[in-house]
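Peer 1: Sharing a structure with you now.
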Amino acid sequence: CYATLSFSRCGQPAPVFQGPIAAYDWKEGAQAAFGALKYLENRDEIDSDRIAIMSWSRFGMVPLSVLNEAGFAQFHENRFKTAVALYPFCSFARGPHDGPILVLTAASDDWVSSDICQRMGRETAKDRYPVKVVVFDGVYHGFDLPAFGQPTFRESQINPDGFNASGGTLGYDEPSHKRAVMLIKEHLAANL
């Protein structure tokens with residue numbers, strides 16, 4: 001049984017935190033994640049030793065950064081047990097990390113490089129907690145989001161958060177979505 005906590009990082013006041021969280025700043029997203037961790041650790045119904053973090057797309061950087069030994073983790077006594085990032089930017093969070101991380105990335109993604117995520121997986125292979133990178137062949141950014149429908153190139157805004165980018169392809173793929181759900185469940189079962 002899992003409990004989930006979602007918090008806004010898109011400029012809207014979040015129910016747990018005071019004031020808005022900057023829309024596009026992964027650093028503030030990481031700090032908000034540690035705020036969420038602290039909130040969850042103080043809940044009687046939550047096992048504080050079994051808290052994971054998961055995020056998508058540009059904010060997939062947050063799970064990578066909060067478990068990065070040289071990142072925000074060094075400033076916090078308590079840590080997330082594990083993390084999942086779906087099609088994140090992987091270029092800055094090479095490791096070593098303080099816990100296991102699963103990265104799911106799309107081979108045909110023309111906005112976020114799956115090659116960089118694969119390189120991160122190779123570079124951390126000998127670490128205490130190597131990053132497990134799974135590449136989904138023939139699918140695009142947002143392969144797990146039914147709202148994106150058939151793969152379509154979007155000229156300016158390519159995600160539901162309204163983050164402006166030069167453009168990219170978004171597209172849902174049901175078999176990949178189901179596989180991603182299975183892999184995430186397996187990862188959480190093995191690491192929480």
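Peer 1: Using modelled backbone amide H atoms (1.01 Å from N, in-plane), which distant-in-sequence or interchain residues come within less than 5 Å of Thr124's amide H?
Peer 2: Here Val131 satisfy the definition.
Peer 1: For Lys126, give me every one of the lysines with a C-alpha distance below 22 angstrom, ignoring sequence neighbours fewer than eight places off in its own chain.
Peer 2: Leaving aside lysines fewer than 8 places away in the same chain, those within reach of Lys126 are Lys81.
Peer 1: Skipping prolines and chain starts, which residues have an amide H placed within reach, meaning under 5 Å, of the one on His97, given they are 5 or more residues away or on another chain?
Peer 2: Placed amide hydrogens put Glu69, Tyr129 under 5 Å from His97.
Peer 1: Please compute the per residue accessible area over region 41-192 with all protein chains in place, 1.4 Å probe, rounded to a whole number of Å².
Peer 2: 49 Å²
Peer 1: Round to the nearest 0.05 the FRET efficiency obtained for Leu192 and Val134 when R0 = 25 Å and r is the Cβ-Cβ distance.
Peer 2: With a Förster radius of 25 Å, E is 0.85.
Peer 1: Full-extension gain between Lys126 and Tyr2, please, as 0.36 nm times their residue separation minus the C-alpha to C-alpha distance.
Peer 2: 41.6 nm
Peer 1: Ok, one more. Roughly how many nanometres apart are two label points built 7 Å out from the Cα toward the Cβ at Arg79 and Lys178?
Peer 2: According to this spin-label approximation, the distance is 3.7 nm.
Peer 1: Continuing with this model, one more query. What aspartates and glutamates could a cross-link reach from Lys38, if we take a straight Cα to Cα line under 18 Å and drop same-chain neighbours fewer than 8 places away?
Peer 2: Filter leaves Glu28, Asp47, Asp49, Glu77, Asp98.
The values are calculated or read from the model by the stated rules, or taken from the named source; none is laboratory data. Since this is a predicted model, take the numbers as computed values, not measurements. Glycine gets a Cβ as well: all are built from the backbone with ideal geometry, and neighbour counts include every protein chain shown. Keep in mind that these areas ignore ligands, DNA and RNA; they rest on the heavy atoms of the full protein, side chains included. Shrake-Rupley method; radii C 1.70, N 1.55, O 1.52, S 1.80 Å.
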